[in-house]
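The values are calculated or read from the model by the stated rules, or taken from the named source; none is laboratory data. Treat the numbers as computed from the prediction; the structure is a model and nothing was measured. Here the Cβ positions follow ideal geometry from the backbone for every residue, glycine too, while neighbour counts run over all protein chains shown.
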Amino acid sequence: METLSHEVTALQRARELAAGLFPHQVEGIAFLLGRRRAILADDMGLGKTRQSILAARHTAPEGPWLVVCPASVKLNWAREIRAVAPEARVEVIQAGELLRSGPGIWTVINYDLLPRYIDSLVRVDWRVLIFDEAHYLKNHTSQRSRLARRLVEASPTDAALHALTGTPLTNRPRDLFPLLQLVGHPMGRSFLAFAKRYCDARHNGYGWVTDGASNLEELTVQLRGVMLRRRKEDVLALPPKLRQWLPVNVNPNTGAREMTRVVSLLLANQRGEGSASRQSSDRLRLLAHLTRARHQLAVAKTASTLELVEDAVAVCGARHGIRGDGAVGAPRD
């Protein structure tokens, strides 16, 4: 009875924050508010970022808040935070910079920087920790996963934690185990026990093979209290397609030489310098410089683009039963 009352209260609080949101997002905020640690595993494009930000601000109005995410979406997190709270102070940490954190500050850092900043991060009393694209932690023995667990263990016991992922992790249960560790679920205590029950684990004479799946219906039931997942096709209120801008970091000198030449040519044309044939030639040169500048900018965004594409491929592959090693199994959700 007490649990039901808590869920109703969380839903009421979520509705208070619901202006401009889709119904499934209100439900997602209520889910995050209704528990201290949770996994939000909605499909890509359903607004996990916005749900997490709103829930985090309501859970801990004074912060500090920490977002750990891939480098390619750090600026998008800053943009989304400011869209929710224009007055918010957001510190996006780049390699070599000092860690900036404290009351009222959103700190955004990428997974690759955790080894460099972990000693500073664990000294902060984070009120909310958000792990975006949490499938980056799918190998529970990797340095990245170990550092994430160290960060959680060093945080106050009442700190909230949101693990966000668009990958249907129940297709390959072993990838879910590190997230269960983060949220403190009992199934996250022993990998071997988890693998034997849900990964169809078998010993091949050399070691345990844990890339299978078993007892998935039971696993789904066990996850209901800690993980919420919605698919696009199940969210009827969502428009057919949503588009969003994802800002990325590029070297500020990218295309600078070409654009300097463009400005010079434009100024010369404005002053009417040169003959008509010279001005015609300058227009062709102008287009050539613009084309080269656009190409340089496109190349500068390649690394971020590849990271986003790899995430999308991972999600699509999991949905259609394609495992990380390329093998194909029965698609599940």
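Table for the structure above
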quantity: Filter result for Val152 (within 21 Å of Trp77 (Cα to Cα), part of a helix (DSSP H, G or I) and modelled with pLDDT of 95 or more); calculated: yes
quantity: Complete set of residues in segment 299-316 that are at pLDDT 75 or above and surrounded by 13 or more Cβ atoms within 10 Å (Cβ to Cβ); calculated: Ala300, Lys301, Ala303, Ser304, Thr305
quantity: Whichever residue in segment 201-229 is crowded, with 16+ Cβ neighbours inside 10 Å and of a type outside the set (A, V, I, L, M) and, among such residues, is nearest to the chain's Cα centre (by Cα); calculated: Arg229
quantity: Only listed residue being crowded, with 21+ Cβ neighbours inside 10 Å, closer than 28 Å to Asp175 by Cβ and in the same structural domain as Ile29 (by TED's automatic domain parsing), chosen from Glu80, Glu133; calculated: Glu133
quantity: Hits in segment 46-67 (condition: among the β-branched types (Val, Ile, Thr) and touching a Ser or Thr at 6+ places or on another chain (Cβ under 9 Å)); calculated: Val67
quantity: For Leu265: the one exception among (1) at pLDDT below 70; (2) surrounded by 13 or more Cβ atoms within 10 Å (Cβ to Cβ); (3) of a type in the set (A, V, I, L, M, F, W, C); calculated: (1)
quantity: Matching entry among Leu147, Leu176 (being buried (at least 22 other Cβ atoms within 10 Å of the Cβ) and within 20 Å of the chain's Cα centre (by Cα)); calculated: Leu176
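Each row is one residue, and each column tells you yes or no for (1) closer than 30 Å to Val26 by Cβ; (2) without any contact (Cβ under 8 Å) to a residue 60 or more places away in the chain.
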site	(1), (2)
Leu179	yes, no
Asn204	no, yes
Ser214	no, yes
Leu219	yes, yes
